[in-house]
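The values are calculated or read from the model by the stated rules, or taken from the named source; none is laboratory data. Keep in mind it's a predicted model, so treat the numbers as computed, not measured. We place every Cβ from the backbone using ideal geometry, glycine too, and count neighbours over all the protein chains shown. With ligands, DNA and RNA removed, areas are computed over all heavy atoms of the protein, side chains included. Shrake-Rupley method; radii C 1.70, N 1.55, O 1.52, S 1.80 Å.
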Amino acid sequence: MGEFEVHRVRFFGLVPAGVRCLACHPRGARLALARTDGAVEVYNFAANYFQEKVIPGHEARAVESLCWAAGDRLFGAGLSGDITEYDLSGLRAARGVDGGGGPIWSMVANGSGTQLAIGCEDGSVKIFQVIPGGIQFERNLDRRKGRVLCLSWQPSGTHIVAGSIDFFRVINVASGQTVQRIMVNHQVEKAKRECVVWAIALLSSGTVVSADSFGRVQFWDWEQGTLAESHTISTSAALSLAVSEREDSIIVGTSTGATYQLQLLPVKLGGLEKRWVRTKPFQFHSHDVRAVAHSPSALISGGLDAQLVIRPLMEKVQKKGYDAVLRKFTFPHRRLVSCARKARLLLFQFSQYLELWRLGSTEETGKDGEVLPLCRMPEHLVQLKSKGPEHIYCSCVSPCGTWVGYSTASRFQLYRVRCDGDGVSLRKV
Amino acid sequence: MVAPGALRVVRCGGSALCGARAVFSADCKQVGRGAGAAAYLLCASGDFVKVYSVSTEETLRLMGGHADLVTGIQLNPHNHMQLYSSSLDGTIKLWDFMDGIPIKTFTVGSKLLALYTLASAEDSVFVVIPKKGERDTYQLVSVKLTKGAGQDLESKELSVVLDGVGASMKHIAFGRQGAYVVSVKNVTLQVYFFKRKLLNRFSLSTLKTKGGDNRFSCVACHPAEDCIATGHADGKIRLWRNFHHKKEYTYSTLHWHHDIVMDLAFSLEGTRLLSGGVESVLVQWHNESSCQKDFLPRLGSPIEYISMSSDGALCCTLHTDNRISIINSNLRFSRSIQGLIKSRDVKTGLVVDPRTKALVLNGEPGHLQFYSLQNDQQLFSLDIVQRQYIHEAGLKQSDLVKVAFSAQGTWLATVEESEEVTDPELQLKLWFYHEEAQSFVLNTRINTPHDNHITDMCFRDMDGLGDDSLILVTTGRDCVFKVWVMVEDSDPEAQQSVSWSCDFVGSYHNYQATNCCFSEDGSLLAVSFEETVTVWDSLTWDLKCTFCHPPGNIRKICFGRLTCSKYLIGATDYGFLCCWNLLTCALEWSAHLNVVVLQPDPVSEHIAAVSWLSKESSLFVFKPNEPRPIYIQRNLCKEKILLAAFVPRDEPEMISSEKYLWLRKSQLFFLTDTQELMTLSTKSLEERLTPSSKQLAVEESLPVTPFSLLLGKHRRQQAQEDIDLGKPVVHNKQEQASPAVKELLHTPAHVLPSASFLCTIFINSLLISKENKSAEEVADEVEMESEKAEDDSDEEDVTAMEQEDTSHMELLGEMTCKLSKSQEKELRKIRKMDYSWISAF
């Protein structure tokens, strides 16, 4: 074995972006994930949860919601007020359509994937038709005051439930009228605090599940307007909610970083009466869990701590194996560091700039595992800011250390680095 | 039956109540109780089943008959007046607990470790027995209870339900209407569905990650739903659902306890779950939610079992120190039943309080308990250390180590020390008995009376002389003994007139002082210094003589009494019992005996010695003047006897046999290492149990009103008076009070004057008057009272009043008969007064 000097590089200050939203493909093969910097990633479940595609972020594009529609088309909407379709083959945002209602907080597709509904800042819910090559505004539903924070479309497609601050309402899609409006905070005595409905789901049985900022998950019968069950699962806010396809399991993410599973279980053996029971708590995250998804065999959660956690449900996994393992995606899957071997340089890639460092060196030798004193400290040579609102997609430094290149979605830039003594100069090629 | 005259060892208290969960009797309206109120609490206690009254906390009945520890009690689901009990002796007994009669005995054969009954199982019960041929393996079997005419039946028809179950009754629970049975052991949970004959087994991981410990400690089943609650060694509670699926089972977790969950219980409807552990906090969880919970803290000691009454109105917790707490459904502490409190270590020894004849020993940490031997109840608990006890492993606590009473019981000396070996932080406290407060009041506190542990302490007992003769001697490992005397306090500001201070310090060749003892007349003090006994003159504190019997340190010393007061007895570590003659200063006799307990009888010349040899305790009773023991009983009991005490009898017992004459004046009590209190009795079992059954009869005949409860208490106390003259101060007062109460109760309600008027008289009657008010005055007040009542209603009621009077006099007996003249005078006065009052209308 040869001898190696191991550098402990502690000067790469990468701050990963938190997970903002998740969207599971209806057939469960793919998962789309949006980060707070606007980057969109696609994971392929079939290929060992491989990070298939990455669309780098954009300064002006904050994705609040993602959804799959019309087969394999991925749409995103955000606070910029635009609905964007992503070109998954070209790895870029393809077309944008203005929603026309201010910042968009939420977006859902109907069961067949032919229509999209968006919830806007101004309290409107708008329906868009998905047409080949784009989307087309179809109509406005009943508009009420208060931003629409979350939406859920009944699987049969007849009703939409829209959650706002202190209340949620059920809208008939055909007539466009609000058929029920339910206040969620009337039970909390003298509630001065507002109760934010962070997430909502409308089940095919007509039950509305709401997760609110008081940490409650509540089950409502929307036709009667009554509260069926209330589970206080956390002392802090419940931020996100996802229902399994069979509607017998719900995952809830909270602002303490814990996620909870609720299951619809029979009260008695062989009996027909079923009840939602809070079952398993999971604490994988250190910060808010802003996004959860429920695949047929796993609970998926993403938080502001930038982790994506896939927790398989043991009872759904047939055999022990690779699928039955808890997965945590903490590190970026792409290469963010490139190395100039001969020149002993490292190039670090951040979302908007690059940093070039020279490694420290030592003249002493020692035994295995010994820490050698440095005679020359690592040196920050240059910081290279990219131009324009687009984020850097990839970057590289040549082995001799004289060439540095990076690309964004639309441009490629190459620089020549010249080191003369202490000074470093860059020249755009 | 025991042959008459044979001496039996009888357990009389302190035996562990923690053998099994307690059981509330079902609501029994036919007894005249309020609707739905559980009247009795049944509890396994050693070899017995105890019946407590829920409303008065009293032990009503002791049902004995099992030959070994009772391990399970359950109500007969088909007849709520009957109780099944199982025992390690291999029998199941069916009792009528109202009358305390054993109805049937079913002999199963092997040890029974737990008992369960099911309403759906027609004529069988479930027991846990050890598996044949395998050690530490247990199985749950159902026993078919044979129907037969006789009392003693054989029940050998067993069918195994579950294998490999835990030995504790907490490890098995039956689900909703007996549809399934759950057993937990280590990290495995087994569920067996009776109808589908399906056995599901679930395991948790054995890894102890993050301080977690998944081992099961207890299990409980939801009464209406398919839900199992399990407690774990790390304090977690898991709620299991969907457990009829092998794979799709699921559980949620509740976590509050920081240490093992000792027991769980669901409320009647299953909406609330109660859990308890070593924190001595009862936790109530609502709707299986971890956010909604209520606490009942400071229950005194770790909770061992929780049980619910069948109507859900009450629950009770059994604690590890033998206390029972009864708790309302709204989680309010209602009352506690406490017998002999089990303390971690009885360091004080058994001491008899001369005032109440109660046994005094360590109680809950830092407290001194006064235990009444007659009614197996704690009289009171005196906080000596006066510090909050915090339950935590490894924390050094201060505890009480020595206690001594003066002859009349007016002074109490206590020594407390912290558990640290190097710096014991000693405190000697002297307490004075305060007549009005009826309690001991701290008089003097001496910090660091000795530089090292105090080994022994005694008062000079002199009945005849006044307080001047009272001195206290303490011996310490710092090689000195100290003499403490009372001094008048010169400071006029001081609240008390006397305090204690050190008078003399004696030592002998720098040996550690181990024991001290005063002779009966108080003129001599014997102090043992390791191998040597020194005798000191208590007036001049001169060393008179020394005795020595090498090898071995002196373990115990005592002086002989009465006719034998010239002898000094000592027991050494190397198994010698020596008797020295103080007049000749020579060894009179010695015997080879490994004595662990040496206890002189305070009212006779007998001395009891208990030896411990080859795992059996033997009792020897002897007089110092003759080396031959009067009485020997080998193999007194299985456990090691640690302490003994003679308690003087109130009246000498009639003892036929010559052999047991030493038991005539006082009774001998032993405390074993399992903290069971035993005594020697010449009476047979039946004789001993008669008084309690009478009490039960009294209770049943009374209708339940607050007054009747009060009356019931008075009556009982009067009844006790016959037996127990030990507490004259308290009882005399109550006897006077009872006519007032009776009068109140016998007058019809509609003719009673207003409550505010009655109140003062009633309360006065309960008060302890400062100067002993003569009985006449009190009686007069009562008479006035009844008079008013009559007169308010009608004028023509004079005759009725006369009748009332006579009946009253009958009740009161002789005492009031004498008073009748003076009463009549009083009555006349009142009558005049009253008429004028009425005419004013």
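For the range B:180-195, filtering for residues that are farther than 19 Å from residue B:264 by Cα and in contact (Cβ under 8 Å) with a residue 40 or more places away in the chain leaves 1.
Residue-wise test of (1) of a type in the set (Phe, Trp, Tyr); (2) open to solvent by less than 40 Å² (accessible area, probe 1.4 Å); (3) modelled with pLDDT under 85; (4) in a strand (DSSP E or B).
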position: B:9; (1), (2), (3), (4): no, no, yes, yes
position: B:15; (1), (2), (3), (4): no, yes, yes, no
position: B:27; (1), (2), (3), (4): no, no, yes, no
position: B:38; (1), (2), (3), (4): no, yes, yes, no
position: B:43; (1), (2), (3), (4): no, yes, no, yes
position: B:49; (1), (2), (3), (4): no, yes, no, yes
position: B:52; (1), (2), (3), (4): yes, yes, no, yes
position: B:57; (1), (2), (3), (4): no, no, yes, no
position: B:60; (1), (2), (3), (4): no, yes, yes, yes
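Looking only at the range B:232-243, decide whether some residue is within 14 Å of another protein chain (Cβ to nearest Cβ) and assigned to a loop (DSSP other than H, G, I, E, B). Yes, the range B:232-243 has at least one match. Within the range B:176-202, the set of residues being within 11 Å of chain A (Cβ to nearest Cβ), within 40 Å of the chain's Cα centre (by Cα) and not in a strand (DSSP E or B) comprises B:176, B:177, B:179. Just one of the listed residues (A:23, A:46) is of a type outside the set (D, E, K, R) and open to solvent by 50 Å² or more (accessible area, probe 1.4 Å), namely A:46.
For the range A:319-335, state whether one or more residues are open to solvent by 10 Å² or more (accessible area, probe 1.4 Å), within 14 Å of another protein chain (Cβ to nearest Cβ), farther than 20 Å from residue A:24 by Cα and without any contact (Cβ under 8 Å) to a residue 24 or more places away in the chain.
The initial filter retains those residues of the range A:319-335 that are open to solvent by 10 Å² or more (accessible area, probe 1.4 Å), namely A:319-335.
Next cut, within 14 Å of another protein chain (Cβ to nearest Cβ) only: A:319-320, A:324, A:326.
Then keep just the ones that are farther than 20 Å from residue A:24 by Cα; that gives A:319-320.
Now drop any that are not without any contact (Cβ under 8 Å) to a residue 24 or more places away in the chain, which leaves A:319-320.
Scanning the range A:319-335, I find at least one residue that is open to solvent by 10 Å² or more (accessible area, probe 1.4 Å), within 14 Å of another protein chain (Cβ to nearest Cβ), farther than 20 Å from residue A:24 by Cα and without any contact (Cβ under 8 Å) to a residue 24 or more places away in the chain, so the answer is yes.
Taken over the range A:359-406, the residue count meeting the criterion of being in a strand (DSSP E or B), under 31 Å from the mean Cα position of the chain (by Cα) and of a type in the set (S, T, N, Q) is 2. Can you work out which of the residues in the range B:381-409 that are part of a loop (DSSP other than H, G, I, E, B) and touching a residue at least 40 places away in the same chain (Cβ under 8 Å) is nearest to the chain's Cα centre (by Cα)? If we take residues in the range B:381-409 being part of a loop (DSSP other than H, G, I, E, B) and touching a residue at least 40 places away in the same chain (Cβ under 8 Å), then B:384 is nearest to the chain's Cα centre (by Cα). Residue A:350 meets each of the listed conditions (1) touching a strand residue (DSSP E or B) at 6+ places or on another chain (Cβ under 7 Å); (2) open to solvent by less than 30 Å² (accessible area, probe 1.4 Å); (3) under 30 Å from residue A:54 (Cα atoms) apart from (1).
Of the residues making up the range A:284-309, those that are within 14 Å of another protein chain (Cβ to nearest Cβ) and not hydrophobic (A, V, I, L, M, F, W, C) are A:296, A:297.
Going by the structure shown, is residue B:485 open to solvent by less than 40 Å² (accessible area, probe 1.4 Å), in contact (Cβ under 8 Å) with a residue 40 or more places away in the chain and either within 27 Å of residue B:410 (Cα to Cα) or not assigned by the TED database to the domain that holds residue B:606 (or both)? Give the derivation first.
Working: open to solvent by less than 40 Å² (accessible area, probe 1.4 Å): yes; in contact (Cβ under 8 Å) with a residue 40 or more places away in the chain: no; either within 27 Å of residue B:410 (Cα to Cα) or not assigned by the TED database to the domain that holds residue B:606 (or both): yes.
When the stated conditions are applied, residue B:485 does not pass them.
Restricting the range B:275-286 to residues that are modelled with pLDDT of 90 or more and in contact with a Leu (Cβ under 6 Å, 6 or more places away or on another chain) leaves a set whose member that is nearest to the other protein chains (Cβ to nearest Cβ) is B:285. Could you go through the range B:256-270 and let me know if any residue there is at pLDDT 90 or above, open to solvent by 30 Å² or more (accessible area, probe 1.4 Å) and closer than 30 Å to residue A:298 by Cα. Yes, because at least one residue in the range B:256-270 is at pLDDT 90 or above, open to solvent by 30 Å² or more (accessible area, probe 1.4 Å) and closer than 30 Å to residue A:298 by Cα. Scanning the range B:573-596 for residues that are under 19 Å from residue B:679 (Cβ atoms) and within 31 Å of the chain's Cα centre (by Cα) turns up at least one hit. Restricting the first member to the range B:251-269 and to residues that are more than 14 Å from chain A (Cβ to nearest Cβ) and free of Cβ contacts under 8 Å to residues at least 40 places away in the same chain, and the second to residues that are open to solvent by 50 Å² or more (accessible area, probe 1.4 Å) and part of a loop (DSSP other than H, G, I, E, B), the beta-carbon pairs closer than 9 Å and six or more apart or on different chains are B:259/B:391; B:259/B:393. Note on the range A:245-283: among residues that are under 21 Å from residue B:255 (Cα atoms) and open to solvent by 50 Å² or more (accessible area, probe 1.4 Å), the one that is nearest to the other protein chains (Cβ to nearest Cβ) is A:281. A search for C-beta distances below 9 Å between a residue of the range B:561-582 that is acidic (Asp, Glu) and any residue that is part of a strand (DSSP E or B), counting only pairs 6+ apart in sequence or on different chains, returns B:573/B:554; B:573/B:555. Looking only at residues of the range B:68-119 that are touching a strand residue (DSSP E or B) at 6+ places or on another chain (Cβ under 8 Å) and of a type in the set (Gly, Ala, Ser), we find that the one that is surrounded by the most Cβ atoms within 10 Å (Cβ to Cβ) is B:86.
Candidates A:242, A:199, A:174, A:191: the one that is at pLDDT 90 or above, part of a loop (DSSP other than H, G, I, E, B), out of contact with any Phe, Trp or Tyr (no Cβ under 7 Å at 6 or more places or on another chain) and more than 14 Å from every other protein chain (Cβ to nearest Cβ) is A:174.
So is residue B:207 crowded, with 16+ Cβ neighbours inside 10 Å, away from chain A (no Cβ under 14 Å) and either closer than 23 Å to residue B:86 by Cα or hydrophobic (A, V, I, L, M, F, W, C) (or both) or not? Against the criterion (crowded, with 16+ Cβ neighbours inside 10 Å, away from chain A (no Cβ under 14 Å) and either closer than 23 Å to residue B:86 by Cα or hydrophobic (A, V, I, L, M, F, W, C) (or both)), residue B:207 does not qualify.
Would you confirm, using the coordinates I've provided, whether residue B:289 is within 14 Å of chain A (Cβ to nearest Cβ), of a type in the set (Ser, Thr, Tyr) and farther than 24 Å from residue B:367 by Cα? In short, yes. Here residue B:218 clears all of (1) of a type outside the set (S, T, N, Q); (2) surrounded by fewer than 19 Cβ atoms within 10 Å (Cβ to Cβ); (3) away from chain A (no Cβ under 14 Å) except the condition numbered (2).
Looking at residue B:65, is it closer than 28 Å to residue B:130 by Cβ, modelled with pLDDT under 85 and open to solvent by 40 Å² or more (accessible area, probe 1.4 Å)? Even if it seems obvious, please write down each step before you answer.
Values: closer than 28 Å to residue B:130 by Cβ: yes; modelled with pLDDT under 85: yes; open to solvent by 40 Å² or more (accessible area, probe 1.4 Å): yes.
Criteria met by residue B:65.
One line per residue, one yes/no per condition, for (1) in a loop (DSSP other than H, G, I, E, B); (2) over 15 Å from residue B:183 (Cβ atoms); (3) open to solvent by 80 Å² or more (accessible area, probe 1.4 Å):
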{"residue": "B:121", "(1), (2), (3)": "yes, yes, no"}
{"residue": "B:132", "(1), (2), (3)": "yes, yes, yes"}
{"residue": "B:142", "(1), (2), (3)": "no, no, no"}
{"residue": "B:159", "(1), (2), (3)": "no, yes, no"}
